[in-house]
Amino acid sequence: MDLRKYAELLLVATKQVAETGSWDQVYNFAIAMRRIGLIKDPPIISAQIWPNKSRIADLLATYPANKMLLYAELARTFDMQYSWGWGRRKKEAIATALATQPLRWHELQAIKHRHAFRDLIRMVHPRPPSQEISGIWRWAIKGGDAPTDKIDVYMRILKMQDADKAVRTAVDADLPWEVVRSRIGRLDALPPELLVEAAMKIMTPFDIAAQALSIVKRAGQEALSHVLASRRVPLSAGSRAALELYARGYRDAAVLFFERVKMGRSEFAELLPAAPRRIIALVDISASMYGNPIRSAISSIMPLIDVIDSMYLFNEGVSAYEGFRSLNGLMNLASMTRGGTALYDSMFYVANAERMTDDDVLLVFTDEQENASRLASMADVVSLKTRAVLMVVAPYPADMILKQDNTRAVAYPGSDPDAVLASMRLITSAAVIESEGAVDLIRLLPPAARKNL
């Protein structure tokens, strides 16, 4: 689905929800989900048809400048079919969102997203809320002398050839790691203690996960453990770091990330509108899963090992697997890929063997390449009483199940933990709607988001 079709579908859905309930529901839902970081770009598209200028501004204020620009560009680019064109209401909403941000925000946006920040100001022509911010905007557009001390430090860093000096200067000035990342070259040229200090002070959690191998090689596992003790690691980034460290032979360091990304049942339930009674995992270990597909499956499963009740593996046959709760056992899946793909047989077998019901979810991690089933058919899969979700971990069309009518078996992207969580929110939202009929949109928020209302 291209962006235009996706946008149109989202706008139609937004309009239907607002007409059935109210725009308050749409606004509250988007703001609550943004505040806990569960959805990113969809609210920006949805807000294209919001009628209230101040509420658009409230939403945009939760985004960085490059995403505000995306909102403006969408308004200018797409057709006027749904009355979401570029006009005064949206320009004023962006201007209001910019005016509510503190000086430090404007400094960092001018540094981190200078071109997007410049283009946004040129498109909107907002009135600067202060002389200091006016100076930052003028610098973002025209360059010249630095308007603040922080921007002055940034400009000096850009001219530095010495990596040590550049990192030290950024740490002292509390500038983001990405400001100096391109100035460093090889991280192994940095003193270990400076690398650790940068990780503690100016790297984001994503940066720490990306630089984990360098940190453990340069400063040791104890230093990495010290850094991780005070930082929350994102699920997808942490899982990838664990995979890389394990593959490079730093298995004890990999376990540090493995332990950090594991979710407890209560934490998992906080992120879903309704938690399933049981989650049964079924993992494709056929030959076509070799390499990136099985690694994607391992990465996606890693945060869920304490949430999954039991796991089965399948290729031409299917068997229970008890070893998935340890990192070694999970990583062993990468060496098991062989044989054909009896997808229908395996789904049907596991659902019946586990006596799965409407309250359970069968998570199937697969590349969707059915080629070996002999006992079950598509019709059998469609008739399953449980909710079956194909987590598709390869770049193939996820439409095998989706095109079947009257089924609870659906296919979603599953190549990383964030995609799996998003898919679980969709499938559990569907369960709430089915059991309760038409529901208040706020009822579909996970508990963690409802607390922010």
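The values are calculated or read from the model by the stated rules, or taken from the named source; none is laboratory data. Since this is a predicted model, take the numbers as computed values, not measurements. For neighbour counting, all protein chains shown are included, and Cβ atoms are generated from backbone atoms with ideal geometry for every residue, glycine included.
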Discussion item. Please pick out the residue among 128, 191 that is on the phi < 0 side of the Ramachandran plot and modelled with pLDDT of 95 or more.
Written reply: 128
Practice prompt. Taking the options 110, 61, name whichever one is buried (at least 17 other Cβ atoms within 10 Å of the Cβ) and under 23 Å from residue 39 (Cα atoms).
Written response: 61
Fill in: Residue match in the range 156-171 (condition: in contact (Cβ under 8 Å) with a residue 12 or more places away in the chain and closer than 29 Å to residue 295 by Cα)
no
Worksheet entry | Positions within the range 165-209 being under 23 Å from residue 109 (Cβ atoms) and among the charged types (D, E, K, R), in sequence order | 172, 174, 178, 181, 183, 201, 207
Practice prompt. Answer yes or no: is there a residue in the range 327-338 that is in the same structural domain as residue 393 (by TED's automatic domain parsing), surrounded by fewer than 21 Cβ atoms within 10 Å (Cβ to Cβ) and under 19 Å from residue 373 (Cβ atoms).
Written response: yes
Practice prompt. Determine which single condition residue 38 fails, assuming it passes every other condition in (1) crowded, with 16+ Cβ neighbours inside 10 Å; (2) more than 18 Å from residue 441 (Cα to Cα); (3) of a type outside the set (Ser, Thr, Tyr).
Written response: (2)
Discussion item. So, residue 122, is that one among the basic types (Lys, Arg) and at pLDDT 95 or above or not?
Written reply: yes
Worksheet item: From the list 320, 287, which one is touching a Phe, Trp or Tyr at 6+ places or on another chain (Cβ under 6 Å), surrounded by fewer than 17 Cβ atoms within 10 Å (Cβ to Cβ) and farther than 30 Å from residue 445 by Cβ?
Response: 320
Worksheet item: In the range 58-107, which residue that is in contact (Cβ under 8 Å) with a residue 40 or more places away in the chain and among the polar types (S, T, N, Q) is farthest from residue 453 (Cα to Cα)?
Response: 81
Worksheet entry | Any helices (runs of 4 or more DSSP H) falling wholly within the range 237-325 and containing at least 3 residues that are touching a residue at least 24 places away in the same chain (Cβ under 8 Å) and outside the structural domain of residue 433 (by TED's automatic domain parsing) | 251-261
Worksheet item: When the residues of the range 338-385 are filtered to those that are among the hydroxyl-bearing types (Ser, Thr, Tyr) and touching a residue at least 40 places away in the same chain (Cβ under 8 Å), which remaining residue is nearest to residue 427 (Cα to Cα)?
Response: 357
Practice prompt. Count, please, the residues in the range 65-113 that happen to be at pLDDT 95 or above and either in contact with a strand residue (DSSP E or B) (Cβ under 9 Å, 6 or more places away or on another chain) or in a loop (DSSP other than H, G, I, E, B) (or both).
Written response: 3
Worksheet item: Mind checking which residues of the range 163-180 are buried (at least 16 other Cβ atoms within 10 Å of the Cβ) and among the charged types (D, E, K, R)?
Response: 168
Item to complete: Give the range 64-99 a look and list any residue that's touching a helix residue (DSSP H, G or I) at 6+ places or on another chain (Cβ under 7 Å) and within 30 Å of residue 153 (Cα to Cα), or say none.
Response: 64, 65, 66, 67, 68, 69, 70, 94, 95, 96, 97
Discussion item. Just the residues that are buried (at least 18 other Cβ atoms within 10 Å of the Cβ), closer than 19 Å to residue 198 by Cβ and of a type outside the set (Ser, Thr, Tyr), please, taken from the range 113-162.
Written reply: 150, 153, 157
Worksheet item: Scanning the range 214-267 for residues that are within 21 Å of residue 193 (Cα to Cα) and among the hydroxyl-bearing types (Ser, Thr, Tyr), which turns out surrounded by the fewest Cβ atoms within 10 Å (Cβ to Cβ)?
Response: 230
Item to complete: Could you please let me know if residue 409 is in the same structural domain as residue 276 (by TED's automatic domain parsing), in contact with a Phe, Trp or Tyr (Cβ under 7 Å, 6 or more places away or on another chain), modelled with pLDDT under 85 and over 19 Å from residue 306 (Cα atoms)?
Response: no
Item to complete: For residues that are among the polar types (S, T, N, Q) and assigned to a loop (DSSP other than H, G, I, E, B), scanning just the range 138-187, find the one that is nearest to residue 112 (Cα to Cα).
Response: 148
